[in-house]
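Computed from the coordinates by the stated procedures, all read-outs in this text should not be read as laboratory data. Bear in mind that the values here come from a model prediction, so they are computed numbers and not experimental data. Positions of Cβ are backbone-derived with ideal geometry, glycine not excepted, and every protein chain shown enters the neighbour counts.
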Amino acid sequence: MRISYSPGYVAPLPDGHIFPMKKFSGLYNFLIDKNLFSVSDFIEPGMVDFANLCTVHTPRYGFGVWNGDLNRKEIRKMGLPWSKDLAIRSRLAVQGTINTGIMALQDGIAGNLAGGTHHAMPDYGEGFCVYNDVAVAIKVLRQSKWVNRVLVIDCDVHQGNGTAEIFKDEPDVYTFSIHGEKNYPFIKPPSTFDIGLADKTGDREYIHTLSDALDKIFSEFEPELVFYLAGIDPLESDHFGRLSLTLKGLEERDRLVIETVTQKEIPLALLLSGGYAPTLEQTVEAHAIMYAAAKEISAPYFH
């Protein structure tokens, strides 16, 4: 199983910033230290080129991030202070997701140790999302005829408003979001299928709801590629989450999605999305659950 990763995924942030930027390198080291993956499993992306980036983002915004031309209001909305390192990591992560989609089509399953930045809109970033890597990857893969029909399974606790808005008029891209109904973003453009959950929703109700949703989706739509945004922020301990999943529930969720898709022999691309556990170590360990499950479930495909 191949995974996109670059040391450049980590950009410096001011001390005390809530975004756990070091989780990307932390997860890489954790997966290797636990012998889940070896260094040779990781493929380092370059930076996405602007022609591909601008299949989704306006040239004004795409180049504005790169050149540091955003105004203070735009930077505040993005939630991350601008730096050249941030611009570089944002382009690296987008290419990482494009590469993950291609590797999934080639191998059956692949991952990116970043990505899932689903709040970014064509002309601005928000909610710690600079560029919408999922949307760019889908646009690029569809334009280059790698694939036509794509499904996004978004299990981040926050609705994927950017992805929903970008693909609202494209019937061959099915966007599904299961999220906290009363959580950010407060304006939620409709996905193809949205499920808003009440605060404090726990493991049993979440898994039952997700299982029924997946049955409905696959009865209506036959994707050639699935992107899975496996945010860990539905955890009860999450700083922003407001739902009440346990680590066991999170693992059950990841296994449900991965098994459902791989049993149908549909290529699957795994992305991190959000997560704000009390400590960096807990954030890393929660993100690693998906990769441990993916390696176990997909093992038969690689023999």
Would you check which residues across segment 77-114 are within 18 Å of residue 270 (Cα to Cα) and of a type in the set (A, V, I, L, M) and list them?
92, 93, 94, 98, 102, 103, 104, 105, 109, 110, 113, 114
Among strands (runs of 3 or more DSSP E) completely within segment 118-222, the ones holding 1 or more residues that are among the basic types (Lys, Arg) and touching a residue at least 60 places away in the same chain (Cβ under 8 Å) are none
Check whether at least one residue in segment 208-223 is buried (at least 16 other Cβ atoms within 10 Å of the Cβ) and among the hydroxyl-bearing types (Ser, Thr, Tyr), and report yes or no.
no
What's the number of the condition residue 171 fails, among (1) over 20 Å from residue 257 (Cα atoms); (2) touching a Lys or Arg at 6+ places or on another chain (Cβ under 7 Å)?
(2)
